[in-house]
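These notes concern the structure reproduced below.
The values are calculated or read from the model by the stated rules, or taken from the named source; none is laboratory data. Bear in mind that the values here come from a model prediction, so they are computed numbers and not experimental data. Cβ sites come from the backbone with ideal geometry, for glycine too, and all protein chains shown count toward neighbours. To get the accessible areas, we keep the full protein, side chains included, count just its heavy atoms, and leave off ligands, DNA and RNA. Shrake-Rupley method; radii C 1.70, N 1.55, O 1.52, S 1.80 Å.
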Amino acid sequence: MKKLLSIFTIALLAFALIGCSSDSASSGGKSDSGSSGKPDNYSIMFATGTTTGTYYPLGAIFSDFWNKKLDYVQASSQATNGSVQNLIFVKNGEAQVALTPTGTLYEGYNGEASFDGNKVENVRILAGLYPNVNHLVARKGAGIESIADVAGKKIVPGATGSATEIETQRALEAYDVDYEGLGKDFVGFTEATDLMRNKQTDVAMVMAGVPTSAVTEMLSTANGMILPYTPEAIDYLKEKYPWTMEYTIAANSYENQPEDVLTVAQNNFLVGSADMPDEVAYDLVKTFWEGLEELKGSHAVIEQFDIEKALEGTSGIPIHPGAEKYYKEKGILK
């Protein structure tokens, strides 16, 4: 009888240990004392973008800042193909924080376009940051004076399936240009600049904040110019894709850009996983906004950040409860 009791006790202990192991494995990158409270430590993989875009340096800046200000956070940033991949990483639990423009966020959350059948329902808004601006850059001498002239040319539209490629398709759609009829190179911004220098491509789309290093390089070293959108094309895009905003790239934002350029943009959002504890989301958002003055100077685009606009253009995507708590404290949310 004692032997049977001993076996039963061992079995119970083994079952308890398995349960604890399972709980630990399901806790993601954190080791905490409660899923709703602040963890003892929390690991963040920050999904950014290509190395010559705006997302990449911002991810590194944010991660470093959080590591310095929050002793329980261990954050690191990673280069990616951009916002579509970023949301997939969040969906799969491979990233806890990411950057994405409104259009991609809307389509991901609702399972539309490239996310058809693959909804990203576990994404939550942490903060709206700055406009993500379409720069359609043409090589001077390629016979392109307007976006309509891109028909039949060679183009670098962005990485395959990226938000940049999608925006390229929409820009050309507004001008009835056949995207399928173009010669395409799906390469990064650095390679696009090299192709323009060598006259191996005619135009490239760069979707990023103003200013961005890729456009600086294209205009200063590859004989590039930014193509303007017409008001009619902008009206078409705003009606069909309601997150689209009219945007003017002010003269001299870039070298060799002496005049204003009319284009389109959409808001960029800092997003997090719905699985992130509320207290972590609260601390990330609070630390970021209250340290904004300290962050300025790290990147020119940070000058555009404004907490009063942090929740503009959310397109019905849920705000993380931890972030919501902070915005209510600051009077941004009622």
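Does residue 273 fit the bill of being among the polar types (S, T, N, Q) and more than 30 Å from residue 37 (Cβ to Cβ)?
Details: among the polar types (S, T, N, Q): yes; more than 30 Å from residue 37 (Cβ to Cβ): no.
No, not satisfied.
Output the residues belonging to region 79-91 that are surrounded by fewer than 24 Cβ atoms within 10 Å (Cβ to Cβ) and within 16 Å of residue 129 (Cα to Cα). Spell out the reasoning first.
Going residue by residue through region 79-91, those that are surrounded by fewer than 24 Cβ atoms within 10 Å (Cβ to Cβ) are 79, 81, 85, 88-89, 91.
Scanning region 79-91 gives no hits.
Can you pull out the residues in region 293-334 that are within 19 Å of the chain's Cα centre (by Cα) and assigned to a helix (DSSP H, G or I)?
Of all residues in region 293-334, those within 19 Å of the chain's Cα centre (by Cα) come to 295, 298-307, 309-320, 323.
Matches in region 293-334: 295, 300, 301, 302, 303, 304, 307, 309, 323.
Only one residue in 246, 239, 232 is out of contact with any Lys or Arg (no Cβ under 6 Å at 6 or more places or on another chain) and within 26 Å of residue 56 (Cα to Cα). Which one?
On the way: 239 fails: within 26 Å of residue 56 (Cα to Cα); 232 fails: within 26 Å of residue 56 (Cα to Cα).
246 is the lone residue from the list that is out of contact with any Lys or Arg (no Cβ under 6 Å at 6 or more places or on another chain) and within 26 Å of residue 56 (Cα to Cα).
Among the candidates 313, 331, single out the residue that is out of contact with any Ser or Thr (no Cβ under 9 Å at 6 or more places or on another chain) and either of a type outside the set (Ser, Thr, Tyr) or in contact (Cβ under 8 Å) with a residue 40 or more places away in the chain (or both).
Numbers: 313 fails: out of contact with any Ser or Thr (no Cβ under 9 Å at 6 or more places or on another chain).
None of the others qualify; the one that does is 331.
Among the candidates 98, 142, 148, 113, which residue alone is surrounded by fewer than 24 Cβ atoms within 10 Å (Cβ to Cβ), touching a helix residue (DSSP H, G or I) at 6+ places or on another chain (Cβ under 6 Å) and among the small types (Gly, Ala, Ser)?
Exactly one residue qualifies, and that residue is 113.
Residues being in contact (Cβ under 8 Å) with a residue 40 or more places away in the chain, among the polar types (S, T, N, Q) and either over 18 Å from residue 168 (Cβ atoms) or part of a helix (DSSP H, G or I) (or both): count how many of those fall in region 87-112.
Total meeting the criteria: 3.
Return a yes/no flag: does region 209-231 have any residue that is at pLDDT 95 or above, within 16 Å of residue 166 (Cα to Cα) and touching an Asp or Glu at 6+ places or on another chain (Cβ under 9 Å). Talk me through it step by step, then tell me what you get.
Filtering region 209-231 down to residues at pLDDT 95 or above leaves 215-231.
Next, only the ones that are within 16 Å of residue 166 (Cα to Cα) stay: none.
Among the residues of region 209-231, not one is at pLDDT 95 or above, within 16 Å of residue 166 (Cα to Cα) and touching an Asp or Glu at 6+ places or on another chain (Cβ under 9 Å), which makes the answer no.
Every residue, every condition in (1) open to solvent by less than 30 Å² (accessible area, probe 1.4 Å); (2) polar (S, T, N, Q); (3) over 17 Å from the mean Cα position of the chain (by Cα), yes or no:
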site: 66; (1), (2), (3): yes, no, yes
site: 77; (1), (2), (3): no, yes, no
site: 93; (1), (2), (3): no, no, no
site: 103; (1), (2), (3): yes, no, no
site: 106; (1), (2), (3): no, no, no
site: 123; (1), (2), (3): yes, no, no
site: 132; (1), (2), (3): yes, yes, no
site: 135; (1), (2), (3): yes, no, no
